[in-house]
Every structure is written in C-alpha cells, then in structure tokens.
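K.L.:
I'd like to ask you about the structure that follows.
The values are calculated or read from the model by the stated rules, or taken from the named source; none is laboratory data. What you see is a predicted model; the values in this text were computed from it and never measured. Every residue, glycine as well, gets a Cβ built from its backbone with ideal geometry; the counts of neighbours run over all protein chains shown. Areas reflect the complete protein model, heavy atoms only, side chains present, ligands, DNA and RNA absent. Shrake-Rupley method; radii C 1.70, N 1.55, O 1.52, S 1.80 Å.
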Amino acid sequence: MTGSLLVDNIGELVTNGSGEGGGGPLGLRRDAALLVEDGRVAWIGPARYAPAADRRIDADGAAVLPGFVDSHAHLVFAGDRAAEFAARMAGEPYTGGGIRTTVGATRAASDDELRATVRRLRGEALRQGTTTIEIKSGYGLTVADEARSLRIAAEFSEDTTFLGAHVVPAEYADRPDDYVGMVCGPMLAAAAPHARWIDVFCERGAFDVDHARAILACGQAVGLGVRLHANQLGPGPGVRLGVELGAASVDHCTHLSDADVDALASTAADGPSGRATTTVATLLPGAEFSTRSPYPDARRLIDAGVTVALATDCNPGSSYTSSMPFCIALAVREMRMTPAEAVWAATAGGARALRRDDVGVLRPGARADLVVLDAPSHLHLAYRPGVPLIRTVLHNGVPQ
Ligand SMILES: [Zn+2]
C-alpha cells in the first residue's frame, strides 16, 4: 500500500528502543504518534508534532506496541489430538509419543489441506497481534513430506525451520542411526532450499545429544541457523549443546541446572554486535499449560542475565494455542515475570531468538508491524487474561 499513514493519539507507545526518561526496557513514550511510509516506521515523536499524512488511525489514547514475534510454532500438520488432550487432563502423562499420530495424518493430507491449515492458523495468530511467526516442519519425516512442508511454510513466513529430527518415525524405530543418516543426507538436501533454520527435538524418547549434534552440524554446514528443543521433559545436555553450537535459541528450558543457566548467561551481550552470538532461552508456557506440567522458572533466568523470549509452540498435541497474549498472561502469573518483561519477551525477545532487528521494535526503519490495544497500557495484556484486547493490527504498514 502506498502513501503515508499516521497512527495518532497513542496514550502509551511501547518501542523496545529508546523511550523517554524512565521508559524502562520497553522504551515507553506517552502521548506519541507514529508515521508509516512504504511499510516501514518513518517517524516517532510527540503527538503534538505529528506530521501530515495521507491517512490516519486515531488510537484514542490506547496503548500501541510492536506486533508479537512468535519464534516457535508448528503449523504444517493435519488432524487434531483433542482426544489425547482429554486423556491427559484425565490423568495420562505426556511423553511426546502422540507426534506420530500427527505424522500419519500429515502424510495422508494433500498440499492444499496443509496449506489451508497454515493459512487458518496464520490468520488466527495475526488477529491476536502476531505479525512475525516462525514455522517448523517436522510432521512429514520423509524426504518428500519434509520438503513440501517447508515449501508450504515458506509461503507464509520468512523464518522456516527444518525439523526432520522431531521424532524417529515408526518405520525407523529399530534403526535410529539410519534415520539420522537420512536426515543429514537426502532430507536436508531437499529441505535446505526452503529453510532458514534447523532444529532438533533433543530429549529422551526423541534424539540424544550425539544425534542432535550431528544433525545440527550438518545443517550449519549448509548455512542453516541452529535452534533446538531442549530440557522440556527432564534435565539433559540439550541446552549446553545449543550454547556450544552458537544456537540462536534453545526452546522450552523447563528443567535447567545451574550450569545450564550459567552457559546461557555467558552468551548474553549488549549491543548490536553481541546479539549475533546470544543464545536466547525461549519459554513456551502453553506447553506446560496443555500438558499440566511445572512451568520453567523465568525469574531465575532473567535474574542471571539470560535473554528470554516467549513463544506459543503452537502445535496440535502439546500446545494448541496461537495466542501470544495468553502466553504473556501465563508467563506473568505462573513464571514470575513482570508484565513489562513478558511483553518485551513476546516482541523484542522473539526477534532476538530469530536474530532479527527489523521486527519486535518500533523505531525509524523498522517494519511497521504494530498492534493497537483496546486498553490504555501494555499491563492489560496480563491484567485482563483471555479478553480480546487487540483492536487493530498493522503488518508491513497495512491494516489487517
Ligand atoms: Zn515445539
């Protein structure tokens, strides 16, 4: 869309950049306006100095914040696992084994069926304020099905992740080494042209640390960035493997030793040059909610200096939510984050986890991805859980 657009009468603007004195990590500004040109933020300043524009959105004193950056989502799948959820809520434990149920349904689905599901969930997330979403493969687990999953994902996201090492599929159950060889060989070759990242589910019952290291190294060798699922179901070496490999993010981080926390903190560095080497701890409270499991301790990570992101882990088994506001509310209530920390983690934190500096922040030059709340402050995202507070979403400067 061409022409300029002014978002005016912003009561509270979350920039995640330089705010007014006392603006805190959210870089808060009061009584602000924001000008959009060519899909980018062109100007931010006091409302009384707002320039003229072709069009205008009156925020009417409401809060405006960067669109949410959901850095962990599994949207390419078929079928649902509502019955498994019901069984879990009736007392059955979560083991990750239900992933194979979704693999069967995904292989049987047509491209158009998979595409329709991604489109539906992408739209659902957008309506809840998510303007950037990472999308993983991982329910195909054959060369052809992983490649098509990523091809479809790339129609909806710049941040696509090859997760051929989600679980060992049933046909390889008694020869996991052969499966790892296939993931590193023909599957990676078919997937890499459509992927920016590589990911492994490093957990008991999925892939051990040696297999995970081998697979991630193969991905790095063809230019993919590293992220991994680690320390979700129990303690283990996954987080330290992520730090060792320079992963952009280790995700879940529910069961951490002091050494894990120290390793993550050692990667944190301020300033643009430091960000390229930071390993973010991405917390996924929707998974703990939906599996009725203990939550990760965000307070411990933040107090140690670890960079924390929040994401949905949207998937049909262990966390079937696309709602970042829901995750913010959980993080504040259950993970001892302040509302400001949770909002930062769901915007700037997610951008760090994707090693991007054009989203999750509102400053001149950034992508004009923003949310106008039906509330005067970012606090309301946690203070009013479950309430549809997203009034307007701009994506690339275009009202959705
Ligand atoms: Zn996941």
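K.L.:
Separation between the Arg299 and Glu158 pseudo-spin-labels, each 7 Å from Cα along Cα→Cβ, expressed in nm?
P.N.:
3.8 nm
K.L.:
Sticking with this structure for a sec: Counting only DSSP beta bridges with both residues in segment 1-119, what percent are antiparallel, rounded to the nearest 5?
P.N.:
For segment 1-119, the DSSP antiparallel bridge percentage is about 70.
K.L.:
Please find, in a Gaussian network model of the chain (springs between Cα atoms separated by less than 10 Å), the residue of Thr131, Thr106, Thr160 whose mean-square fluctuation is greatest.
P.N.:
The residue with the greatest mean-square fluctuation here is Thr106.
K.L.:
Ok, one more. Need one number: % antiparallel among DSSP beta bridges in the chain, to the nearest 5.
P.N.:
Close to 45 percent.
K.L.:
A follow-up question, please. Calculate for the chain the 222 nm mean residue ellipticity that helices alone would give, adding -39,500 (n - 2.57) per DSSP H run of length 4 or more and normalising by residue count, nearest 500 deg cm²/dmol.
P.N.:
-9000 deg cm²/dmol
K.L.:
Going by accessible area, probe 1.4 Å, with all protein chains left in place, what is the ranking of His72, His380, largest first?
P.N.:
His380, His72
K.L.:
With a cut-off of 16 Å, note down the residues of segment 60-103 whose backbone N falls inside the zone around a label point 7 Å from the Cα of Arg204 toward its beta carbon.
P.N.:
Counting only backbone N, you get 93-97.
K.L.:
In addition: Using the Cα gyration tensor of segment 324-400, with a ≥ b ≥ c the square roots of its eigenvalues, what is the shape: rounded (a/c below 1.5), prolate (a/b larger than b/c) or oblate (neither)?
P.N.:
It is oblate, given that a/c is not under 1.5 and a/b is not larger than b/c.
K.L.:
Label points 7 Å out from Cα along the Cβ direction at Arg56 and Arg107: separation in nm?
P.N.:
6.0 nm
K.L.:
Here's a follow-up. Of all the Cα-Cα pairs you can form in the chain, what percent are over 33 Å apart?
P.N.:
For the chain, the fraction of Cα-Cα distances above 33 Å is 29 percent.
K.L.:
Could you look at the chain and say what percent of its accessible area is carbon and sulfur, using a 1.4 Å probe and all protein chains?
P.N.:
52 percent
K.L.:
Another question about this same structure. Residue separation times 0.36 nm, minus the C-alpha to C-alpha distance between Asp31 and Ser377: what's the value?
P.N.:
Fully extending the segment from Asp31 to Ser377 adds 123.4 nm.
K.L.:
In terms of the ratio Rg/(2.2 N^0.38 Å) built on C-alpha atoms, what value belongs to segment 69-208?
P.N.:
Working it through for segment 69-208, the quotient is 1.03.
K.L.:
Computed over the Cα atoms of segment 52-110, what is the convex hull's projected area averaged over all directions, in nm²?
P.N.:
In nm², the orientation-averaged hull projection of segment 52-110 is 9.0.
K.L.:
Also, quick follow-up: At 0.36 nm per residue, minus the direct Cα-Cα distance, what do Ala87 and Gln220 gain on full extension? Give it in nm, one decimal, please.
P.N.:
44.0 nm
K.L.:
So, in nm, how far is label Arg48 from label Arg119 when the simple model puts each one 7 Å beyond its Cα toward the Cβ?
P.N.:
Result for the modelled spin labels: 4.9 nm.
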